[in-house]
1. Could you please find all residues in segment 13-35 being among the small types (Gly, Ala, Ser) and more than 18 Å from residue 46 (Cβ to Cβ)?
2. Would you check which residues across segment 51-84 are under 18 Å from residue 119 (Cβ atoms) and part of a loop (DSSP other than H, G, I, E, B) and list them?
3. Which ones in segment 1-35 are in contact with a strand residue (DSSP E or B) (Cβ under 6 Å, 6 or more places away or on another chain), part of a loop (DSSP other than H, G, I, E, B) and of a type in the set (A, V, I, L, M)?
4. Quick check on this structure: which one of 67, 100 is within 24 Å of residue 206 (Cα to Cα), assigned by TED's automatic domain parsing to the domain that holds residue 169 and at pLDDT 95 or above?
5. Is one or more of the residues making up segment 240-261 within 21 Å of residue 30 (Cα to Cα) and at pLDDT 90 or above?
6. Residues of segment 247-274 being without any contact (Cβ under 8 Å) to a residue 60 or more places away in the chain and among the basic types (Lys, Arg), which ones?
7. Picking from 97, 70, which residue would you name as being within 30 Å of residue 192 (Cα to Cα) and among the aliphatic types (A, V, I, L, M)?
8. Return yes when residue 172 is free of Cβ contacts under 8 Å to residues at least 24 places away in the same chain and either touching a helix residue (DSSP H, G or I) at 6+ places or on another chain (Cβ under 9 Å) or crowded, with 20+ Cβ neighbours inside 10 Å (or both) and no when it is not.
Amino acid sequence: MKYRKLGNTGLIVSEVALGTMQFGGKMNMGNLGQEDTTRMVKLALHRGINFIDTADVYSLGESETLVGNALRGVRQEIVLATKFRLPMSENLNRSGATRVNIMREVEGSLQRLQTDYIDLYQMHGWDSNTPLEETLRTLDDVVRQGKVRYIGFSNFVSWQGATAVMLQERLGLEKYVTAQMYYSLVGRGLEYEFQSFAEYHNIGILVWSPLAGGFLSGKYTRTNPAPVGTRFAEAGSFVPFDKEMGYRVVAALKDVAERHDASPARTALSWVLGRPAVSSVIVAARKVEQLEDNIGAVDLRLSDEEVRLLDAASDPGIPYPKWMVLQLDTAEDPRSKALYPERYVDGGPWKDLRRTRWSG
């Protein structure tokens, strides 16, 4: 196993983290019980994984309970993360990032996980119905109380993350250190703006669904769709992407994977591990052999040519305003080339279109 720092902290986490959505039977995302959960957790720890991610809403608390049971006697050896914000019942006040709900849910998670502290407590999504300051002050409180060590968020757009971080700085509150976000070879939306935001603010990205619900395992094709019972079939379009582009990506993955005698899944995980600002990649396998294969991604190093091949197959294009940002800052500003000449060895990431037009 290889390790990295968790965002801008001194906490060390494994490059691969164990996801837990598949534990429990109330979400139809794996239906693994206690025996299988304990087996997967033990395997993860044996292979050097020291980072486990869960959420209160996973099977409505059942996943946390199963994980808590599996961690008896070894809780202090691992970094444990969970999340709050999504509804836990039909009670309107058991949803959201309100002071009432955060204080209740942190206690519920502590009890189910059988621990007296949570290493990383994450807001599962933006709450447009609660004042942001209320949420941030409450998260600061649970850190001051010793119930939580660090805080993070999940599924924010860039302006939401930037607004929260700047408000935390202005008010002197505990700051977000991580962002748990979807990212894969068929879902590269983070590259539009979010990745740059994370790098600028030293926010560590925790990647969820790096295999796009199992699609990037390479098992599914136009003529061989996902059978009933597989995670990809159960998730449906939970992580939507253009299927034609997806088949091109899988073809490229298989090409690169064969060069390393590796699986497409392991190759796809290696690509994600090589992206900027990534602290850890969360894998949620349902079988021990899948977990073993996923863990192997930390030892697979892709060449620059192989990365370019995968980038080209999965290129989503560059939307506005990012192309203009690159145009102005990278191509038209001479200081960039003088300060970072290594970026321009192959001609640079962006052309000065203005000068090209003038010279023509």
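1. Correct list: 24, 25, 30, 33.
2. Within segment 51-84, 54, 55, 56, 71, 72, 73, 74, 78 qualify.
3. 1, 6
4. Exactly one of 67, 100 is within 24 Å of residue 206 (Cα to Cα), assigned by TED's automatic domain parsing to the domain that holds residue 169 and at pLDDT 95 or above, namely 67.
5. No; the residues of segment 240-261 include none that is within 21 Å of residue 30 (Cα to Cα) and at pLDDT 90 or above.
6. Across segment 247-274, the qualifying residues are 254, 259, 266.
7. On inspection, the qualifying residue turns out to be 97.
8. In short, yes.
The values are calculated or read from the model by the stated rules, or taken from the named source; none is laboratory data. Since the structure is predicted, the reported quantities are computational estimates derived from the model, not experimental observations. A quick note on method: Cβ atoms are made from the backbone with ideal geometry, for glycine too, and the neighbour counts reach across all protein chains shown.
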